[in-house]
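Structure first, commentary second.
The values are calculated or read from the model by the stated rules, or taken from the named source; none is laboratory data. The model shown is predicted, which means the values in this text are computed figures rather than measured ones. Ideal geometry is used to build each Cβ from the backbone, glycine not excepted, and the neighbour counts take in all protein chains shown.
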């Protein structure tokens, strides 16, 4: 692969349950040594961007704020830019990302991984707003994520449920939507075709990146499951881990 920049998922690629995966720190060092700019893209929506950055720093990864793109903050920025008044279906720990937004008399729905907050009452309220014409802005479309002990439901199934019930289509701001990929590429001053995305989710990370014009690399760590490589889009490749991915790029 010939690239001028790299985007990487975090959980399942660089870290696992708060610990560094083997070769993660060395991989970022290798990218720096090769003068390849990199950005971290995550759909994690139970922790604010500041907490994610603090954890990465505590693990010894040299991540600067401008190198991290967390989907909830990107969604919040999109809502502010459009002057939306969102009904927030978000985890309590990330509500601060949406500070300053007027949420009275909502005219939009923002859906993140709200955990226990995704109950019938809240989803039914969102459904009513969508039926009245409100847009649905979603943090991502991931089916599941790797929890500390097992795979756990992510936001994607709830997005699909609301789309089906309301007869409409959500705008996916995080992966696999285009917005976050485009923002990351623009921050490096690069065209999408000159950037590779490394991820453990064949749909959100790799297929989403390829659809946005990036090159795609799937790693066999994190949420990867046997056979995922059979679902790769044309041109994408599968390697064992982050070390192998970076070796392919540099």
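Of all the residues that make up the stretch 134-144, how many are closer than 17 Å to residue 200 by Cα and over 11 Å from the mean Cα position of the chain (by Cα)? It would help to see each step written out before you state the result.
Start the filter on the stretch 134-144 by keeping residues that are closer than 17 Å to residue 200 by Cα, which leaves 140-144.
Pick out the ones that are also over 11 Å from the mean Cα position of the chain (by Cα) and you get 143-144.
Residues meeting the conditions: 2.
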Query raised in the report: Out of the stretch 1-55, which residues are part of a helix (DSSP H, G or I), surrounded by fewer than 21 Cβ atoms within 10 Å (Cβ to Cβ) and over 16 Å from the mean Cα position of the chain (by Cα)?
Result: 25, 26, 29, 30, 31, 32, 33, 54, 55
Report summary line: In the stretch 108-122, anything more than 16 Å from residue 45 (Cβ to Cβ) and surrounded by 15 or more Cβ atoms within 10 Å (Cβ to Cβ) is listed as 108
Query - Members of the stretch 241-250 that are surrounded by fewer than 16 Cβ atoms within 10 Å (Cβ to Cβ) and in contact with a strand residue (DSSP E or B) (Cβ under 7 Å, 6 or more places away or on another chain) - result: 248
Requested in this report: Tell me which of these residue 208 doesn't satisfy, since it passes every other one: (1) assigned to a helix (DSSP H, G or I); (2) in contact with a strand residue (DSSP E or B) (Cβ under 7 Å, 6 or more places away or on another chain); (3) within 26 Å of residue 111 (Cβ to Cβ).
Outcome: (2)
Query - Enumeration of residues in the stretch 21-32 that are touching a residue at least 60 places away in the same chain (Cβ under 8 Å) and more than 17 Å from residue 199 (Cβ to Cβ) - result: 22, 26, 30
Requested in this report: Keeping to the stretch 172-191, report how many residues are free of Cβ contacts under 8 Å to residues at least 40 places away in the same chain, surrounded by 14 or more Cβ atoms within 10 Å (Cβ to Cβ) and touching a strand residue (DSSP E or B) at 6+ places or on another chain (Cβ under 9 Å).
Outcome: 3
**Report entry** Boolean, residue 115 is in contact (Cβ under 8 Å) with a residue 60 or more places away in the chain and over 22 Å from residue 184 (Cα atoms)
**Finding:** yes
Query raised in the report: How many of the residues in the stretch 56-65 are within 26 Å of residue 212 (Cα to Cα), assigned to a helix (DSSP H, G or I) and free of Cβ contacts under 8 Å to residues at least 12 places away in the same chain?
Result: 0
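Among the residues of the stretch 191-202, which ones are part of a strand (DSSP E or B) and under 16 Å from the mean Cα position of the chain (by Cα)? Lay out the reasoning, then the answer.
Our first condition is that a residue be part of a strand (DSSP E or B); within the stretch 191-202, this holds for 195-199.
The answer is 196, 197, 198, 199.
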Query - Sole residue being touching a helix residue (DSSP H, G or I) at 6+ places or on another chain (Cβ under 9 Å) and at positive phi, chosen from 167, 189, 222, 216 - result: 167
Query raised in the report: When you scan the stretch 214-233, how many residues do you find that are without any contact (Cβ under 8 Å) to a residue 24 or more places away in the chain and either assigned to a loop (DSSP other than H, G, I, E, B) or within 18 Å of residue 25 (Cα to Cα) (or both)?
Result: 4
Query - Checklist (1) surrounded by fewer than 20 Cβ atoms within 10 Å (Cβ to Cβ); (2) farther than 30 Å from residue 26 by Cα; (3) at pLDDT below 95 applied to residue 85, failing item - result: (3)
Query raised in the report: Would the stretch 135-154 turn up any residue that is surrounded by fewer than 17 Cβ atoms within 10 Å (Cβ to Cβ) and modelled with pLDDT of 95 or more?
Result: no
